[in-house]
1. Given the conditions (1) open to solvent by less than 10 Å² (accessible area, probe 1.4 Å); (2) in contact with a strand residue (DSSP E or B) (Cβ under 9 Å, 6 or more places away or on another chain); (3) within 30 Å of S535 (Cα to Cα), and given that G295 satisfies all but one, which numbered condition is not satisfied?
2. Within region 378-392, track down each residue that is surrounded by fewer than 23 Cβ atoms within 10 Å (Cβ to Cβ), small (G, A, S) and touching a residue at least 24 places away in the same chain (Cβ under 8 Å).
3. Can you tell me which residues in region 572-596 are surrounded by 17 or more Cβ atoms within 10 Å (Cβ to Cβ) and within 15 Å of P618 (Cα to Cα)?
4. Does region 544-559 hold any residues that are in a strand (DSSP E or B), within 16 Å of ligand 3 (Cβ to nearest atom) and open to solvent by 20 Å² or more (accessible area, probe 1.4 Å), and which are they?
5. Quick one: which residue in N268, N283 is touching a residue at least 24 places away in the same chain (Cβ under 8 Å) and part of a helix (DSSP H, G or I)?
6. Given A88, A66, A113, A165, which one is buried (at least 22 other Cβ atoms within 10 Å of the Cβ) and away from ligand 1 (no atom under 16 Å from the Cβ)?
7. Being in contact with a helix residue (DSSP H, G or I) (Cβ under 6 Å, 6 or more places away or on another chain) and within 14 Å of ligand 1 (Cβ to nearest atom) is the filter here; which residues of region 265-290 pass it?
8. When the residues of region 478-495 are narrowed to those that are assigned to a loop (DSSP other than H, G, I, E, B) and open to solvent by 60 Å² or more (accessible area, probe 1.4 Å), which ends up modelled with the lowest pLDDT?
Amino acid sequence: MHIKDGKLERISGFKKHPLNQGRLCSKAVSAIDLVYHPERILRPLKRTDNGDFKEISYGQAMDEIAEHISQITKVYGVHSMGAWAGEAIGFQQQEGYARRFIHALGSSTYLCAGSVCSVARYIANCLVQGGDIIRKDFINAGAILIWGANPEITHPPDMWQIEQAKENGAKLVVIDPRKTKTADKADLFIQIRPGTDGALAWGLCKQLIETDNYDHEFIEKNSKGFSSFSEYARKFTFDYVSLETGVKNETINKLFEILIENRPRIINYQGNALELQPNGFNNIRTIICLGGLCGAVAVKGGELKTEAFPHRTLWLTDEIPLKNSWPIGVDRYPLPFDFFKFGHSMTAMDHMLGRTGEHLKGLVITGANPAVTNPNSKKVSDALSSLNLLVTKDLFLTKTARLSDYVMPAGTFLERSELHFYDNIQTVALSKKIVDVPGANNEFSFWKDLADRLGFGEQYFPWSSEDDVNRWILEPSNISMESLIEHPEGVQRAPFRGPESNKDVLATPSGRFEFSSDYIANIGQSALPEYKSLSYIVKRDKNYPFILITGARNNIFCHSRIADFRKFRKSSTVPECEVHPEDASGLEIRDNDKINVVSKFGEIELWARVVCESDILPGFLQIAHGRDTANVNLLTDDNDNDPITGFPNMKIVAVRVEKA
Ligand SMILES: Nc1nc2c(c(=O)[nH]1)N[C@H]1C(S)=C(S)[C@@H](COP(=O)(O)OP(=O)(O)OC[C@H]3O[C@@H](n4cnc5c(=O)[nH]c(N)nc54)[C@H](O)[C@@H]3O)O[C@H]1N2
Ligand SMILES: Nc1nc2c(c(=O)[nH]1)N[C@H]1C(S)=C(S)[C@@H](COP(=O)(O)OP(=O)(O)OC[C@H]3O[C@@H](n4cnc5c(=O)[nH]c(N)nc54)[C@H](O)[C@@H]3O)O[C@H]1N2
Ligand SMILES: [Mo]
């Protein structure tokens, strides 16, 4: 960060950074625009009777919010008050403040982006091969299979390692219905029908088992449920898999050859696209099982074990047990709560709308814009509007903020001081507060000030500054704050033990690699990761004959963030829908024509982007998410969920297209 007279002038890469080695994306370089954006909210706003906002003082806003919270908990019970932390503030320290506050208040109503992001993949990993297996040994891999992800755009530091692996001779396989920038670099691109990855993985498992190409020693000594798994695999002949996935038999065979040539040095890299589907969780489990059969667990060039980095957490779940208070959604989807102690946002709207026995009457949202990013946006807006109290803490007057009673200024990531723990390289780093923007307010101060007003600040937010909190969190690691200040690239706690780690004990419920899960059986679902064919992909509804994929990332947008950066205005043109040329001609539309895309839930108007023949499968469309206008989540369904994780279907949405 280059600062002149207290003002941030320029951002450049930091060569010693352990993950990016000084290479930055356009969003990082443009973060100056985020800090000094003319539309930033720097004074609390209160909604008036005629629906406008008026500026009020911070003290008045906080007093009034605290008073409303007291009233709501008194009248409707403490769980009727909730907090929601979004992806913009991440899954570590910052969300911890929101969590801590709401649990200290006594409420179990904590919601977050975990209902749509990464948690399903993580839990699948925990249950099949253990939550400590979180590092992929790209550099030594023989083959890397990328399923439903586009790391070239979404995780460049991973992609650099993947490219390095390719230079070392690894084969790259990309499995995606769309020809992405990552797919452009693949040795084998498998253009698969969305939702059918499970079938492909089962087919490969069957073939590995039947041709006796699997790791006998590992399977016999360290696994559970292999016989029922093999039995179930039988029906997945390559012919069946080909019919289901739309992938040619010979292409599946090519992938199979790559696996047997390179096992156990196989990496299966799974993206967010897989979890946002009706059978996503089981498809992911099957893909992990495929890795297990190859023996790719705790092995060089495969998946490696890591250790948790010792540190304190802001979570209060051990101090204030929440088990018996039935957090929102736990009755339907217990998994996210079991693993991460949050309620499910997919069920929250019904609570707000009074459609369940329990009430949700007040909500404080920070770093999230659910009115745009959650499925079925119309319902989300109705639900948020029905609350007795809605407070949104954000940098901008977003769609969600506009529905709120109070909008509170936030601080960007450059206006706070926080710790970053990278378990998989056993490193901790500190990002220091760089700039002061008058009126901005970071997460720590906000939640502490509110806790003070409600009478539990002294007990649960005893720290006087972010620096105090950081020291408290860091203490068990035996690493000093001073050394972190001296080493902005971070400090490594212990050298990485790598592939020599023990594979006899995995951190799964049984301690073994689980092809079949008693844990899942105990919540009333099938123990095996059964495959469900989604008939509507093949047999289309005549009213909704297209399948819409949503939310493929591009490099300048991040969800609903950063949509209005000066630097990006030229390139961030109009909202678009990717259409295959064959479909375009059938619909008699041309590139840049205005179209309406209609689902059972709503309709949006946007521009057709007719892509190349090979860029997307015919009959499928793609629209990115995160826009205020032409918001694709007006088309998605909040009730079409994975029955195990509750994750919504955002990747396989039945729609029709009309000329506007
Ligand atoms: N249709 C469809 N919808 C999707 C997806 C999809 O693939 N398809 N993907 C889903 C996924 S994976 C995710 S993670 C979610 C993300 O969705 P959300 O959790 O809603 O997160 P964002 O839209 O990234 O950010 C929300 C707000 O945070 C604000 N913000 C930025 N920095 C800060 C800060 O430092 N402090 C505070 N308080 N606020 C800040 C931004 O201005 C923005 O308004 O979207 C989901 N929605
Ligand atoms: N620039 C940028 N980077 C980001 C984000 C951002 O908004 N912008 N968001 C961040 C967040 S929170 C997340 S969760 C990650 C998500 O990033 P990734 O995990 O990489 O996932 P996506 O970009 O959602 O989807 C990747 C691909 O999945 C394909 N796909 C869709 N359905 C299927 C299917 O059924 N099977 C298969 N095999 N493929 C399918 C899509 O065509 C798409 O190309 O990105 C992170 N990085
Ligand atoms: Mo995400």
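1. (3)
2. Residue satisfying the conditions is S386 alone.
3. C577, E578, V579, H580, D583, A584, L587, I589, listed by residue number.
4. Across region 544-559, the qualifying residue is only C558.
5. Criteria check complete, one pass: N283.
6. Result of the check over A88, A66, A113, A165: A165.
7. Those that are in contact with a helix residue (DSSP H, G or I) (Cβ under 6 Å, 6 or more places away or on another chain) and within 14 Å of ligand 1 (Cβ to nearest atom): Q270, L274, E275, G280.
8. P495
The values are calculated or read from the model by the stated rules, or taken from the named source; none is laboratory data. This structure is a prediction, so every number in the text was calculated from the model and none was measured. A quick note on method: Cβ atoms are made from the backbone with ideal geometry, for glycine too, and the neighbour counts reach across all protein chains shown. Heads up: the accessible areas ignore ligands, DNA and RNA and are worked out on the full protein's heavy atoms, side chains in. Shrake-Rupley method; radii C 1.70, N 1.55, O 1.52, S 1.80 Å.
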